[in-house]
Each structure stands twice: as C-alpha cells, then as structure tokens.
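Right, one structure below, let's go through it.
The values are calculated or read from the model by the stated rules, or taken from the named source; none is laboratory data. Please read all numbers here as calculations on a predicted model, not as lab measurements. All Cβ positions, even for glycine, are placed from backbone atoms using ideal geometry, and neighbour counts span all protein chains on display.
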Amino acid sequence: MTTELFNRKLWLYILQVATGAIVIIGLIAGTNYLIDSSDVIRPGALKRMAKLSLSGETVSTPLNYNERLYQEIVINEMEIIPETIVIGSSRGLFLGKDVTGYEDIYNNCVSGSSIEDYYAILGLYLQKFGELPSRIIIETSPWIFYRDNPEARWMDNNGYKYAAGVLYQKVNKSRLDKSVSKENPYLSLPYFQYNLRLFRQEGRNALVKEEIKKSDNDLERAEFPDGTIRYDVDSERQNPKRLSVVTEAKGAVTYENSDKMTELDDQKIQEYDSLVSYLLEQGVEIIVYMAPFSATQSYYSFDKKLNIVFKDVERYLYNYRSNGIGVVGGYDARDFDLTDEYFIDRNHIDKEGTNMVWNYHLN
C-alpha cells in the first residue's frame, strides 16, 4: 500500500469517526434540550412558578422539576427576606404558616437534603440580601450525619453549588469538597438516558411542558405560597390505600443508605455544629426539627435495632437544648402517640401529624 493511499484511508477513517461522534453528541444534546424533563436547561417555567408562588398563589407542581434550581430562582425573585425559613428535606415540607403559626415564613426544603443543601440555601439568602432570616427551622434527618451519604444533587446547579461553597468556607475556614464534578446538562449521559426513557414511556407528550398555573383543584399536588406542599388527595388524606403503604413497609430504613450507618461522622458533626454556631453569632433564632418515622417503621428501626444510629442522632440533637436552641420532635412516632394513619409512607408524616409533633414540645 502506497503512503498516499494509506493517508487517504486514515483521513477517511478519522472523518467517519468524527462524523459519528458529532452525530452522537448532537443526539444527546438535542434530546436533553428538547425534553429537558427537569427544566435544567430551560428554567423559564420555574421562574414563572416562583413568580406565581411569591405573588400569593397556590401553584400546581410539575411532575418533574429541579427542586434545587427552583430554590435558587425563588430566592432570587424574592423582594423581601422572610422572617422565618425552613431548610431540610421533604420530611419538613409541611412546616409552614399553618403548622408553626409564624406568619412571615417560607419553606425551602428539598428532597433528600444534605448538610451541603443547608449551606447552599443559606448562602443564597446571604448572596441575595446580605443577611439571614431572623429565625431558621432546620429539619434534620439522621442521614445528615452519615459519612457515605450518596446525596449529590446539590452539585447539579453551578449557582446553588457556588452559594454552598462560599458560605461553607466562611463558616468552616476551609473549602467545600468538590470531588464530584458537575455534568454539563446538554451532554450528560445519565440525563440523556432519563429523558430517553421518559420519551419511550410518553412519546410526543414528553416534549410537551406542563403548564405552570395556579391550582384550582384541591385534589392535586401543589405548592402553597409559603413554600409548603399539598400532596395529591390519595397521599394527603387518611385512607386505606395510604395506610397499606405504611404498614406493609418492613425492615430498616434504607434511604440514603442509612441502614449502613453505624455512627455519626465527626466531620459531618463539625459541619453542623459550625453552622449552628455561625447562625447564633448572627443573632439567628434556631429551631431543630426531627420528623418521626411511622409507628410500624419505628418498631423495626428501634425495637429491632435495624437503624441503630437513629437514637444516637436524636440524643445528640436533644443536647442542643442546653444551648438555648429549640429542639422539636423526635424519630419515634410512638413517643407522640402517633399511629400509622398519620403517615404518607414510612418516612413522611402528614400535615395533621406534623402539627401534633410541632405542638407536642411547645405546649
């Protein structure tokens, strides 16, 4: 084979590979852009949702949306800082005006919250207003203190992640671990797979964005103006279907791999303690809130000792009372005479049950 022929074949091969790569990249980027199931690339809908909510409307909640990006947007859209905010996971989403009695309150809880989410939300408030709300309720679940907690959604959005890093460095005098790099949403292969799966399930409907609108149906999932949640009717209200979901849950709580958690991690404790100390230095009133697990789940977690560290976390948090910090709730539903009827699933207590827990220690 002559050198000239070899070079031609080499360039043809390179051209074919390059063309194939362009096609694949274009397919991934195009799919992610067109479907964008979590509104990561085109957040306009989330901005409309934030504006509606902040104007005092109850808003129908989209089936899929990036909760952390939404929190970034809603804080940025606020004109006045709330007196009270709630940070934490979905286990604290009922803590609003109706339950707490605080009139000027906004609930910034996100699903599966980690300690980094605490820093991110508070960092966003500092970034926007240059100050913090005067009262902060911190929903604290046991896995917050788990060294190998896999929760990494706080890294999905650069603005959210940046706010976490800035406050973390101010509080801890060290940089926040950034070992997990953020993926470009256009080229993210996991996001492509998720979008493609949604397209296979829903066809052309996957390309149609849910309308962001005021909720005029109290049977649907929606968000109230104070950031709290209203579930769909089957989950919101006590019924046999919901109860069966709770009572049929057996074994340990496995969320965030918490069944593998055997001790409180020293670094996570330090990050939590340092944040609390910083907030106290800023004159912030702090209330730590622990949401109970269902009665059935409490039997497995505590009596059967399948989540052995949950009581250790509870005792650690109760110690904050000696520092003048309000500590409300606990992890065992039976301590509050709560039956499974008050739970949506084994991890989530409903609004009526939340109200009972909140007022149990305050009365």
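A few remarks follow.
- Contact map, the stretch 98-115: first residue of a type in the set (G, A, S), second residue in a loop (DSSP other than H, G, I, E, B), Cβ cut-off under 7 Å, separation 6 or more or different chains; pairs are S111/S89; G112/S89; G112/E151; S113/G88; S113/S89; S114/N149; S114/E151.
- Residue in the stretch 290-307 that is out of contact with any Leu (no Cβ under 8 Å at 6 or more places or on another chain) and within 23 Å of Y119 (Cβ to Cβ) present: yes
- The number of residues in the stretch 337-349 that are over 16 Å from G251 (Cβ atoms) and either surrounded by fewer than 20 Cβ atoms within 10 Å (Cβ to Cβ) or of a type in the set (D, E) (or both) comes to 3.
- Identification of helices (runs of 4 or more DSSP H) wholly contained in the stretch 201-316 with 1 or more residues that are within 30 Å of M78 (Cβ to Cβ) and basic (K, R) yields 266-281.
- For the stretch 235-259, the candidate set comprises residues that are among the charged types (D, E, K, R) and within 22 Å of the chain's Cα centre (by Cα); within that set, the residue that is surrounded by the most Cβ atoms within 10 Å (Cβ to Cβ) is E256.
- Only one of the numbered conditions (1) under 21 Å from P225 (Cβ atoms); (2) at pLDDT below 75; (3) hydroxyl-bearing (S, T, Y) is not met by T31, and that is (1).
- For L95, the conditions (1) in a helix (DSSP H, G or I); (2) crowded, with 20+ Cβ neighbours inside 10 Å are fulfilled apart from (1).
- Taken over the stretch 321-336, the criterion of being surrounded by fewer than 15 Cβ atoms within 10 Å (Cβ to Cβ) and part of a loop (DSSP other than H, G, I, E, B) is satisfied by G324 alone.
- The number of residues in the stretch 74-92 that are farther than 15 Å from I286 by Cα, without any contact (Cβ under 8 Å) to a residue 60 or more places away in the chain and surrounded by 21 or more Cβ atoms within 10 Å (Cβ to Cβ) comes to 2.
- The stretch 93-115, residues that are farther than 21 Å from G283 by Cα and of a type in the set (D, E): D98
- Looking across R42, R48, one residue alone is farther than 19 Å from Y272 by Cα, basic (K, R), outside any loop (DSSP other than H, G, I, E, B) and at pLDDT below 95. It is R48.
- Every residue from the stretch 74-115 that is within 30 Å of D148 (Cβ to Cβ) and of a type in the set (D, E): none
- Of all residues in the stretch 127-146, those being closer than 29 Å to F293 by Cα and either of a type in the set (F, W, Y) or modelled with pLDDT under 95 (or both) number 3.
- Some residue of the stretch 164-178 being modelled with pLDDT under 65, surrounded by 17 or more Cβ atoms within 10 Å (Cβ to Cβ) and small (G, A, S): no
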